[in-house]
Amino acid sequence: MNIDFDKNKDGLVPAIIQDALTKNVLMLGYMNQEAFDKTKTSGLVTFFSRTKNRLWTKGEESGNVLNLVNMKLDCDSDTLLISVNPKGPTCHKGSDTCWNVTNEQSFGFISKLENTITSRIENADTQKSYVASLFAKGINKVAQKVGEEAVEVVIEAKDDNDKLFLEESADLLFHYLMLLQAKGFKLKHVVNILKGRDR
């Protein structure tokens, strides 16, 4: 990795710290050659602290270290993207990130959909919301709907209409997300089990 430490007069390059699992940005620090080398050899992210004017391994006092997963160099060779497994909160003020954002895994649009389902359940407007009306009928009805949608996916999988297959797949996923919430869970709980099976 050919890092251009000479680009800035102080010999430092920005190091963006990203959670390897959640992909959330945790903090920004600065590295010189020595900090980079120590990070590689120790497996713990080490910066050059401009305030302390010395090398500083994140978590050296708090124990909230950043375990190195990998490092990437940007196209101009003057900025690092460092993937880590954090141990504890990253910010010195006690929050998960230096932007005071909870470091939770997001599944993009699926997470947005889960939040919409939660909102509809909490508002319980059975006249305007399909989700609320189905939940009002109880978990057995929600589970039955998942079963119906699963059968429809299987039927469409045997035919040649890809559009219908995808539409039924979307219906199944939507109702499955509802069933998870009816049981008090979200998709992240299922993902965690799958991760545990990954060998």
Cα-based radius of gyration of the range 33-73 once divided by 2.2 N^0.38 Å, which approximates compact folds: 1.11
For the range 19-55 and the range 152-199, distance of Cα centres in Å: 40 Å
Candidate aspartates and glutamates for bridging to Lys112, where Cα separation is under 15 Å - those fewer than 8 sequence places away on the same chain excluded: Glu104
Computed E for Met1/Glu104 - FRET, C-beta separation, R0 30 angstrom, nearest 0.05: 0.45
Top positive-direction residue, dipole computed over the range 19-93 with Cβ charges, set Asn64, Asn85, Leu44: Asn64
R0 of 45 Å, Cβ-Cβ distance Asn67-Asn140: FRET efficiency to nearest 0.05: 0.50
Share of Cα-Cα pairs in the range 1-126 lying beyond 19 Å, as whole percent: 53 percent
Per residue, the convex hull volume that the Cα atoms of the range 99-151 enclose (Å³): 121 Å³
Nearest-ten-degree value, helix 162-182 long axis tilted from longest Cα axis of the chain: 80 degrees
Accessible area of the chain belonging to carbon and sulfur atoms, whole % at 1.4 Å probe: 52 percent
Highest-first arrangement of 18-27, 56-65, where packing means the average Cβ count within 10 Å: 18-27, 56-65
The range 1-146 - accessible surface per residue (Å², probe 1.4 Å): 60 Å²
DSSP-assigned coil residues among chymotrypsin sites (Phe, Trp or Tyr not before Pro) in the range 106-139, each with at most 15 further Cβ atoms within 10 Å: Phe107
For the range 99-147 and the range 73-92, distance of Cα centres in Å: 34 Å
Within the range 1-134, percent of DSSP bridges classed antiparallel, to nearest 5: 80 percent
Inverse mean reciprocal Cα-Cα distance (Kirkwood Rh) of the range 77-199, Å: 17.4 Å
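The values are calculated or read from the model by the stated rules, or taken from the named source; none is laboratory data. Worth saying up front: this structure is predicted, and the values here are computed from it rather than measured. Don't worry about glycine lacking a Cβ; one is built from the backbone with ideal geometry, like all the others, and counts go over all protein chains shown. For accessibility, only protein heavy atoms count, side chains too; no ligands or nucleic acids. Shrake-Rupley method; radii C 1.70, N 1.55, O 1.52, S 1.80 Å.
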